[in-house]
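Quick note: the coordinates plus some simple rules give every number you see, no bench work behind them. Predicted model only: the values in this text are computed from it and were never measured. All Cβ positions, even for glycine, are placed from backbone atoms using ideal geometry, and neighbour counts span all protein chains on display.
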Amino acid sequence: MEVYEALLKRRSVRKFTEEAVSEEDISKLLHAAMSGPSACNRTPWEFFVVTNEDTLEKLRKAARYSKIKAPLAIVVCGNLSKSLPMQLSSFWIQDCSAATENILLEATELGLGTVWCGVHPMKRAENNVSEALSLPEKLIPLNIIHIGHPAEFPDPRDQFNEKKVHYLK
Ligand SMILES: Cc1cc2nc3c(=O)[nH]c(=O)nc-3n(C[C@H](O)[C@H](O)[C@H](O)COP(=O)(O)O)c2cc1C
């Protein structure tokens, strides 16, 4: 699949079959994630791969709009002990977002569905996810990506809007 085709085909999927995601596919998703750019190549990310049903249920309840039944979740976390100092520290959010988008695009190529459910900066959701995964304080959960074989197929979409482009010629 061409990258541009995957970009348009990637849509949020919120209904999944019960079929498990293979170990091979999970490995490809993680390789894609860690191929992303990061500021000063700090790679301040950690990935929690969750297939345990009890933990998945806790993640569904962790955030208000995360009640998605999928057989796999990857929780993308920022590692503050690896982030840049001082006012550059919040670059971890951009780094982890790039890794997240890579997971979504690789999943699209593999025929899997995904939905990115935001956690940080919602404090209560952060605490719930941290508790569900027993995270140390230095790890901040950015999002929960629910992943599985899709049971709904939103149409590919191009949201190009000329008004949002500003040319300086
Ligand atoms: C930072 C962020 C947080 C999001 N949080 C949620 C969420 O909590 N629950 C959910 O169902 N979708 C969530 N989404 C998915 C958006 O609703 C979705 O990307 C948007 O409506 C566009 O639809 P599309 O993904 O099909 O293109 C989130 C997306 C982003 C980027």
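Below are the figures for this structure:
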quantity	calculated
All aspartates and glutamates inside 17 Å of Lys28 as judged from Cα atoms, apart from same-chain residues fewer than 8 positions distant	Glu2, Glu46, Glu101, Glu106, Glu109
Ranked list, fewest to most other Cβ atoms within 10 Å of each Cβ, for Asp155, Asp25, Asp95	Asp155, Asp25, Asp95
Sites Ser22 and Ala151, calculated FRET efficiency, Cβ-Cβ separation with R0 22 Å, nearest 0.05	0.80
Per-peptide average of other Cβ atoms within 10 Å, ordering 64-74, 81-91 highest first	64-74, 81-91
Translational D in µm²/s for the chain (Stokes-Einstein at 37 °C, 0.692 mPa s, Kirkwood Rh from C-alpha pairs)	197 µm²/s
Theoretical ellipticity at 222 nm over the chain - DSSP helices of four or more residues, -39500 (n - 2.57) apiece, nearest 500	-10500 deg cm²/dmol
Unit Cα scatterers, Debye sum, segment 81-169: log10 I(q)/I(0) for q = 0.15 Å⁻¹	-0.81
Whole-Hz ³J(HN,Hα) from phi, Karplus 6.51 cos²θ - 1.76 cosθ + 1.60, for segment 155-163, glycine and proline x	5, x, 8, 10, 9, 3, 9, 4, 5
Environment charge at Leu135 (Cβ cut-off 13 Å; Lys +1, Arg +1, Asp -1, Glu -1)	-2
Contact order relative to length of the chain, as percent, for alpha carbon pairs under 8 angstrom and 6 or more apart	35 percent
Gain in span if fully extended, Ser97 to Asn52, counting 0.36 nm per residue against the direct Cα distance	13.8 nm
Sites Cys40 and Tyr167 - FRET efficiency at Förster radius 25 Å, r taken between beta-carbons, to 0.05	0.25
GNM flexibility winner over the chain from Gly111, Gly78, Gly36 (Cα, springs under 10 Å)	Gly111
Amide H contacts of Asn143 (H built 1.01 Å from N, under 5 Å, at least 5 apart or other chain)	Val76, Val119, His120
Net length gained if the chain between Lys67 and Met1 were fully extended (0.36 nm per residue, minus Cα distance)	20.7 nm
